[in-house]
1. Six or more apart or on different chains, Cβ atoms under 6 Å: show the pairs whose first residue is in the stretch B:582-595 and closer than 21 Å to B:GLY717 by Cα and whose second is outside any strand (DSSP E or B).
2. Given the structure, is A:PHE100 touching a strand residue (DSSP E or B) at 6+ places or on another chain (Cβ under 7 Å), modelled with pLDDT of 95 or more, within 11 Å of another protein chain (Cβ to nearest Cβ) and over 30 Å from B:MET683 (Cα atoms)?
3. Pull out all pairs, ordered by first then second residue, where Cβ-Cβ is under 8 Å, the residues are six or more apart or on different chains, the first lies in the stretch B:244-256 and is more than 9 Å from chain A (Cβ to nearest Cβ) and closer than 11 Å to B:ARG209 by Cα, and the second is of a type in the set (Lys, Arg) and outside any helix (DSSP H, G or I).
4. For A:ALA126, state whether it is within 14 Å of another protein chain (Cβ to nearest Cβ), among the small types (Gly, Ala, Ser) and buried (at least 22 other Cβ atoms within 10 Å of the Cβ).
5. Quickly run through the stretch B:421-441 and pick out the residues that are buried (at least 17 other Cβ atoms within 10 Å of the Cβ), in contact with a Gly (Cβ under 7 Å, 6 or more places away or on another chain) and part of a loop (DSSP other than H, G, I, E, B).
6. Say whether the condition of being surrounded by fewer than 22 Cβ atoms within 10 Å (Cβ to Cβ) and touching a His at 6+ places or on another chain (Cβ under 7 Å) is met by at least one residue in the stretch B:129-143.
7. Considering only residues that are over 22 Å from B:GLU484 (Cβ atoms) and more than 14 Å from the chain's Cα centre (by Cα), which ones fall in the stretch A:210-229?
8. Among the residues of the stretch B:445-458 satisfying the criterion of being free of Cβ contacts under 8 Å to residues at least 60 places away in the same chain and at the interface with chain A (Cβ under 8 Å from one of its Cβ atoms), which is nearest to B:ILE254 (Cα to Cα)?
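The values are calculated or read from the model by the stated rules, or taken from the named source; none is laboratory data. Predicted model, so just to flag it, every value in this text is computed and none were measured. Virtual Cβ from ideal backbone geometry, glycine too; neighbours counted across all protein chains shown.
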Amino acid sequence: MNRLPQRASTTIDLAALRRMAGVRERLGQPRLPPRNFSRDVPGDEIFPGLRYLEQCFAWPDAPSELDLTFARLTTARREHLLHFDTETTGLAGGTGTRAFMIGAADWHDGGLRVRQLYITTMAAEAAMLRTFSEWIDADTVLVSYNGKSYDAPLLATRYRLARMANPLAGLTHVDLLHPMRRRYRQIWENCKMQTAERKLLRIVREDDLPGSEAPRAWLTYLRGGSSGDLVRVAAHNLQDVRSLSGLLVEAHGWAALDAQDHSLHGNEK
Amino acid sequence: MAAYLKARLTDEADSALAISHDGSTLARRLSDKYSDRVATAFTVFGREGRFVPLPDDLPSGLSKALMARGIERLYSHQQEAWEAARSGRNVLVSTPTASGKTLCYTLPVVSSVLEAGAKALYLFPTKALAQDQVAELLELNRAGDLGVKAFTFDGDTPGDARQAIRLHGDVVVSNPDMLHQAILPHHTKWAQFFENLRYVVIDEIHTYRGVFGSHLANVLRRLRRICAFYGVRPQFILCSATIGNATEHAQALIEDEVVTITRSGAPSGDKHILLWNPPVINPDLGLRASARSQTNLIARVAIKAKMKTLVFAQSRLMVEVLTKYLKDVFDHDTRLPPRIRAYRGGYLPTERREVERAMRAGDVDGIVSTSALELGVDIGSLDAVVLNGYPGSIAATWQRFGRAGRRQQPSLGVLVATSAPLDQYLMRHPAFLTEATPEQARIQPDQPLILLDHIRCAAFELPFIAGDAFGPDDAGPYLQVLAEAEVLHQEGERWEWIADSYPANAVSLRSVADGNFVVVDRTEGRQTIIAEVDYSAAALTLYEGAIHMIQSVPYQVEKLDWEGRKAYCTRTRVDYYTDAIDYTKLKELECFDGSKAGEGSARHGEVHVVRRVSGYKKIRYYTHENIGYGPVNLPDQELHSTAVWWQLPQSVLDDTFRSRQHALDGFLGAAYALHTAAVVAVMAEPRDLQKAVGSGDGGWSAQVDAAGRGQIRAPDGGLALPDALERFLPTVYLYDNFPGGVGLSEPLFLRAPELVTHALATVEGCECKAGCPACVGPVLAADENREETPRALTARVLRLLGAAA
């Protein structure tokens, strides 16, 4: 057997490496705007770097059991529903994208409760994932918009990297994107969540921070910058999960509506 | 007329030989009949097989499957590999072509799947080899009803199949590029696979050299990092063709020790090798007949003697021309299945599979191929191999010859020399081929830019903790640079990926640009894709007017849609083929740094390399006369890269050399010697670091012509004489053959004085007379008696550049 070639450990010249990487020019630029800005963030810190927000919304006439035939499922009891949405560091996919905020809405004491978790340090990610797990049990029915292809796999990756069991695995998951597409593809200009929200729930968002801005907003705060846009991300996420519950109730009504439609048409004949 | 007479003569030769032969008798007959052409004949003696029974500890299901496939015993090296793998060692199998390397890894891998539900990852350099491998595993699986699930996983794998492969694949057969871009960055989806990963098999490791090899070594570092995360430490089983340093190369790739198995137990027949120099047809000019005509003659004789024959040609064009000539003899009856087939990159995969199948089934008598068949594509065994020209390396020559030889049968291998100086040198000095050690494979995985790329990818896959090494070095400085570029975020001890990008997509392991061209047949209103041509070859083969041949059927390119990557062509009947005229020139864009080098200077900076196809020649079949030219208007093939270069002022050259031609010849020799020294100095693969001689102001470029002299090409592509130039500033360039440079040339600049001195030491210490491939490049026989030899001129240039003798 040959001996392994001995490779001398070398210390690379940092300046040379910077030049090669082409980051020299960038370094000269000031990192942060020199003016005063706010670092205030909403919610309570429930673990170092993990913040928690909770709000309740009255919704007196919500159905207690939801008809899920629109999603090719049977029914679900209202208290089992968990509407969720994540805000992430990007769309690149793979192991390098993380969720920094998870919002979830459920029915609690007769109203809609929205709970939001977000992290202000990377190290708090595990605590966030652990807390989110506690909100889920075997009866939970997940509700999302495009969550089957985006949020759920992303969280699965994060749980795997954190060496934790994935609480979403095996649960019933109602992804509203697909039923919306089936029903409105020919009618609306697109089937994005905000379109559905506007057409079906008559909600128009004001001063909404586009989802694509979320990564930058969080990074700015993480790097010591302003919290202004991060606050707007939280508001955006809150509206997302509230709308999810509204859209679900809407879709729940389709079966009855279609049956009615059908019998009306039947009578005309 | 002469051509006709020659054809008659060779026909007579054919009839004399038109009886059944084997490699031994045919080699003797050829040597007797053409003694003036056979420069050297020798025999590589075969050996008896060394067989051992199937190991006792082989799972019984696998033993039964092997027996059902007719394998009732093993070669001794297969048993050695089995034992080494079973004892938990990393294994390198470096035995000749066709010695049954596959079984060396199939046995331990399949056993571990059957016994422990373990998983294995196979990496092959090409998709075709991966497909072969899966087909073979499936056959074994079927024979024993083993239930082993093997899949290819490459760019062609449909999205919906990927999930099933990740979850259920026992053996996943892929390539380094997929591991780098699709598997590692998504490792969480492969969690079950990694948790059970027991073996990593890498075949054809001799192909992972230079920058490509350095990339692979870093991809393997990332793989080991991911494996550690899942708590496994897979064993490596590696296979290599015969190269000068297989063990060292394997250990450099996986950064761990290997047990090397080199003694093949497979029986082999004697191999009769002829080095064949085409006859002199014009003694006054020293002109020889073409290699093509001789290759054609030898292949024809061998096929008529009922020997299955493989011809290797150096270019795709030559494959088609030789195929046509052989088809004209053997396939004139188009109602019969073809006896002659061509095989090369650029054919559609289905066409290639079909040729492979026909070869294996023995339905084809002659096959003409590019280096595509050098690797282990299974085409069954052959009786004769003819090389049309020296492939450029000793290792590749033996690998190609290795394609011939059925079990105990004597086989024939003929190397036909072209007029290229290196080929002619080989004919005069056959020891260069027979006695020298095959080339070494070199990699330099710790080259900073490559390291930076892979640390970037690795940080995306798993965060780094302060003090983590990547390879032998602390990753710290790299992480800091990446954090400064805002792709990483440091928090306490951890460096986490933070950017919204997918870094593996920006790092290509191979230098070739992507974007294949498709060739569309429009004959009689058809719209059929008949071929694919990779980007690098498109400009040379798909210009408008080009005759593009598929299995030697000519199509004429009518329209080339460069942006859309499509070439439209129609069937044609012409008596000529076309050959592109191209040249390369360099222009300095920015000088980063410079220093004095003897009487001249050495510099380092950014350069612009332009490869231009200026036109094409129409060449008539058989007579090979030039019957016309056509213009080509294509975008230049451009490369921005970094380079190191040396030049001497005109006044110094005027004082020292008798003529500018002498100075130019000296520069071309110096480029050759400096390139050799540089490749060793930075452990580069010659193809990754290119050399060029041109004018310092980017005007003209120079290369060695067929007569062994420096030849100058003016900016318009025409030839020019050195004395006619207003300014004469010859410059030697060594440049990174990668877009943006890959970091080879900066260290070369820093070591410029040392390089020049090394180059001179090689030239002066060489035992040759006028110059040879070991020092200034091959020289023609006529130059050996020149007053001022290329070797002397080169030494003078190097001394002027400050070489310390």
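1. B:LYS587/B:GLY698
2. Yes.
3. B:HIS249/B:ARG209; B:HIS249/B:ARG442
4. So A:ALA126 fails the test.
5. B:PRO438, B:GLU439, B:ALA441
6. Scanning the stretch B:129-143 turns up no residue that is surrounded by fewer than 22 Cβ atoms within 10 Å (Cβ to Cβ) and touching a His at 6+ places or on another chain (Cβ under 7 Å).
7. A:SER227, A:GLY228, A:ASP229
8. So, considering only residues that are free of Cβ contacts under 8 Å to residues at least 60 places away in the same chain and at the interface with chain A (Cβ under 8 Å from one of its Cβ atoms), the one nearest to B:ILE254 (Cα to Cα) is B:ASP446.
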